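**Q** Pasting in a structure now, in C-alpha cells, and then I'll have a few things to ask.
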Amino acid sequence: MQVSVETTSELSRKLTVQVPEEKIQKEVATRLNALTQKVKLDGFRPGKAPQSVIKQRYGQQVREEVLTEIIQNTFHEAVRDEKLNPAGMPTITAHKADEGQGLEYEANFEVMPEFVPMPLETLEVRRYLSEVGDEDVDTMIQRLREQRKTWEAVERPSVEGDRMIIAFEGFDGETSFTNGKVEDFPVVLGEGQMVPGFEDNLKGAAPGAKLEFDQAFPEDYPAANLAGKTVHFVVEVAKVEETRVPELDADFMNLFGIEGGDLDAFRAEIRSNMEREMRRALHTKTKTSVMDALYAANPIQLPGVLVKDEVNDLARPYLETAQERKQAIDEAKLKEQLEPVARRRVTLALVLNKLIETYNVKLDVNRVRAAVEELAQSYEQPSEVVRWYYSDKTRLREVENVTREDQVVDLILEQGQATEEKIDFQALMQAAAPKAQA
C-alpha cells in the first residue's frame, strides 16, 4: 500500500492511497472459494460448481464488497500511520478500481485542530455570591399566595386587576372577522392580552353592560387582514371578578407539607428551597463567566464538519416543532442564526477536552452522585429519581459530562484571576429565569 498526504488548507487533508491488484485478487479468490463450498447452483451438486461459474455469477459483487472493506481498513491504517486525527467522515473518490488496475482512491477530510490552551492563570473570571434575605422570603411567600389566588364574582364596575368574562364580536365594515360572537372569553384588566386600547374600553363596566367601540389595530399586527385598520367591537360583560388571595394560615402551609401552621417551619422550608435555587443560579452564572473567558482566550480554527453537525443538532428541535405545527420555517436562515452559538459550543468542547487531558482531570464519582441527588431533590420521591439516573448509562453520562466540566471550572477558579462579585438575590433569579425557560 502506498500513501501520500497533501495539506489543502489549515485543517483539510487529501489522502491518496494505492492498493496493488494482487492484494485485491487474493481476497476475492478467498471469498469465492468459500462461496464454492456453500452455494447451490442448478445443474451442480452443492460445493461442486466450477470456480469459473462461481466467478462469473458472483465475481463482481464480491470484488465490490472487498473494495469497500479495503478502503475502510486502509483509510484507518493510513491516518493512524500518518498520525492524522480526522474530525469527521472522509469523502472518498475512487480513481482506479476495475479488475486488473488495482485500487487508487482519494480521501478528503478535515483534521482536529492542534492548539495549546491559554494558561489558566491568565484568565480573568468572576465568582458570583448572593444570599437569601428575610425580605426575599416575604416576597416569595406573597408570590406563592398570588399563584393560588381564586376569582370571585362581584356586582360592581370593573377596575384594574379584575377579571372580566365577556362575549364579543369584531366587525371590519359589515364583515365579522371573529367568525361570529366569541363567548365566555376571560380578560384580566392590566395584563395587556388584547390589542392595545381594548382593555381601556372595558374599565368601569359592570356585569350586564353592553359596549360598542371602534378600535385601531397596530400597523405591525400579525394578522395582515387587520394590521393598521380601525374596526368595530360589540361587547357584552357577563361577569366581573376580583381576586381572593389565600390567607397565610395552616391550610395554606399544609399545601407545602408543613402541618400545624408552624410559620417558622414554613419560612425555613421556603428559604431552603430558595437557597437551593440560588446555588444553582450562582453556579450557572459563575460557569458562564468562566466559559466566556475560555472562549475569548482561545480563538481556534474549527473544522467545518463539526460546526455543521452542531448547527444541525441545534436546529433539529425548531424544525421538528415547525413540522408538528405545520408551520413554514426558513431552514437556511435558522441555521445561519444558530451558527455563532454552534461555533461557541464546538470551541468550548475542544478547549475543555484539551484542558481535561492537559491537567489529567479524573471524574469525581462522589461529585456525580451528589449532583444526581441534588437534581432529585426537586421531586416528590428523590430516591426513585436517583435510581432512574443510575439505571441507564446514557442518562448518567449526561450528568458525568456536566460534572467533569464543573471540575474544570473549579480548576480555573483556583488557578485563574478570580474576582468575587455579590449580586442581589432578586436580580440573580430574574436573570436566571429566561435561561431556565429556554
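**Q** Out of all the residues in the range 145-162, is one or more more than 30 Å from residue 238 (Cβ to Cβ), touching a Pro at 6+ places or on another chain (Cβ under 8 Å) and in contact (Cβ under 8 Å) with a residue 40 or more places away in the chain? Please lay out each step first, then the result.
**A** Keep residues of the range 145-162 that are more than 30 Å from residue 238 (Cβ to Cβ), which gives none.
Within the range 145-162, not a single residue is more than 30 Å from residue 238 (Cβ to Cβ), touching a Pro at 6+ places or on another chain (Cβ under 8 Å) and in contact (Cβ under 8 Å) with a residue 40 or more places away in the chain.
**Q** When the residues of the range 172-220 are narrowed to those that are outside any strand (DSSP E or B) and aromatic (Phe, Trp, Tyr), which ends up farthest from residue 234 (Cα to Cα)?
**A** To start, the set of residues in the range 172-220 that are outside any strand (DSSP E or B) comprises 173-174, 177-181, 189-209, 217-220.
After this cut, where a residue has to be aromatic (Phe, Trp, Tyr) as well, the list is 177, 198, 217.
On the way: 177: 12, 198: 11, 217: 16 Å.
This residue is 217.
**Q** Among the residues in the range 107-116, are any in a loop (DSSP other than H, G, I, E, B) and among the aliphatic types (A, V, I, L, M)? I'd like the intermediate steps shown before the answer.
**A** Here is the first cut: in the range 107-116, the residues in a loop (DSSP other than H, G, I, E, B) are 112-116.
Filter again for among the aliphatic types (A, V, I, L, M), leaving 112, 116.
Yes, there is a match, as at least one residue in the range 107-116 is in a loop (DSSP other than H, G, I, E, B) and among the aliphatic types (A, V, I, L, M).
**Q** When you go through 55, 83 one by one, which is the residue that is out of contact with any Phe, Trp or Tyr (no Cβ under 9 Å at 6 or more places or on another chain), under 28 Å from residue 12 (Cα atoms), without any contact (Cβ under 8 Å) to a residue 24 or more places away in the chain and not aromatic (Phe, Trp, Tyr)? Don't jump to the end; show me each part of the working.
**A** On the way: 55 fails: under 28 Å from residue 12 (Cα atoms).
From the options 55, 83, the qualifying one is 83.
**Q** Let me ask something additional. Would you mention how many residues in the range 332-351 are open to solvent by less than 80 Å² (accessible area, probe 1.4 Å) and either over 30 Å from residue 115 (Cα atoms) or touching a Gly at 6+ places or on another chain (Cβ under 8 Å) (or both)?
**A** 2
**Q** Another one. Which is of a type in the set (Gly, Ala, Ser), more than 41 Å from the chain's Cα centre (by Cα), closer than 21 Å to residue 156 by Cβ and open to solvent by 50 Å² or more (accessible area, probe 1.4 Å), of 173, 208?
**A** On the way: 173 fails: closer than 21 Å to residue 156 by Cβ.
Exactly one residue qualifies, and that residue is 208.
**Q** On to the next question. Restricting to the range 270-314, name every residue that is of a type in the set (Gly, Ala, Ser), buried (at least 18 other Cβ atoms within 10 Å of the Cβ) and within 28 Å of residue 88 (Cα to Cα).
**A** If we filter the range 270-314 for residues that are of a type in the set (Gly, Ala, Ser), which is where we start, we get 272, 281, 289, 293, 296-297, 304.
Checking the rest, the ones that are also buried (at least 18 other Cβ atoms within 10 Å of the Cβ) come to 281, 289, 293.
Once the filter is applied, which keeps residues that are of a type in the set (Gly, Ala, Ser), buried (at least 18 other Cβ atoms within 10 Å of the Cβ) and within 28 Å of residue 88 (Cα to Cα), the range 270-314 yields only 293.
**Q** Confirm whether residue 324 is of a type outside the set (A, V, I, L, M), open to solvent by less than 40 Å² (accessible area, probe 1.4 Å) and under 20 Å from the mean Cα position of the chain (by Cα).
**A** Working: of a type outside the set (A, V, I, L, M): yes; open to solvent by less than 40 Å² (accessible area, probe 1.4 Å): no; under 20 Å from the mean Cα position of the chain (by Cα): yes.
When the stated conditions are applied, residue 324 does not pass them.
**Q** May I pose another question? Between a residue in the range 397-408 that is farther than 14 Å from residue 370 by Cα and any residue that is buried (at least 16 other Cβ atoms within 10 Å of the Cβ) and among the charged types (D, E, K, R), which pairs come within a Cβ distance under 8 Å, given they are 6 or more apart or on different chains?
**A** Matching pairs, first to second residue: 405/287.
**Q** When the range 139-159 is examined, which residues are found to be under 25 Å from residue 430 (Cα atoms) and open to solvent by 80 Å² or more (accessible area, probe 1.4 Å)? I'd like the intermediate steps shown before the answer.
**A** Keep residues of the range 139-159 that are under 25 Å from residue 430 (Cα atoms), which gives 139-149.
Correct list: 143, 147, 148.
**Q** Which of the residues belonging to the range 98-118 are open to solvent by 20 Å² or more (accessible area, probe 1.4 Å), closer than 30 Å to residue 88 by Cβ and out of contact with any Ser or Thr (no Cβ under 8 Å at 6 or more places or on another chain)?
**A** 98, 101, 112, 114, 115, 116, 118
The values are calculated or read from the model by the stated rules, or taken from the named source; none is laboratory data. Here the structure is a predicted model, which is why all the values come from computation and not from measurement. Cβ atoms come from the backbone with ideal geometry, glycine included; neighbour counts cover every protein chain shown. Surface areas here come from the heavy atoms of the whole protein model, side chains and all, with no ligands, DNA or RNA. Shrake-Rupley method; radii C 1.70, N 1.55, O 1.52, S 1.80 Å.
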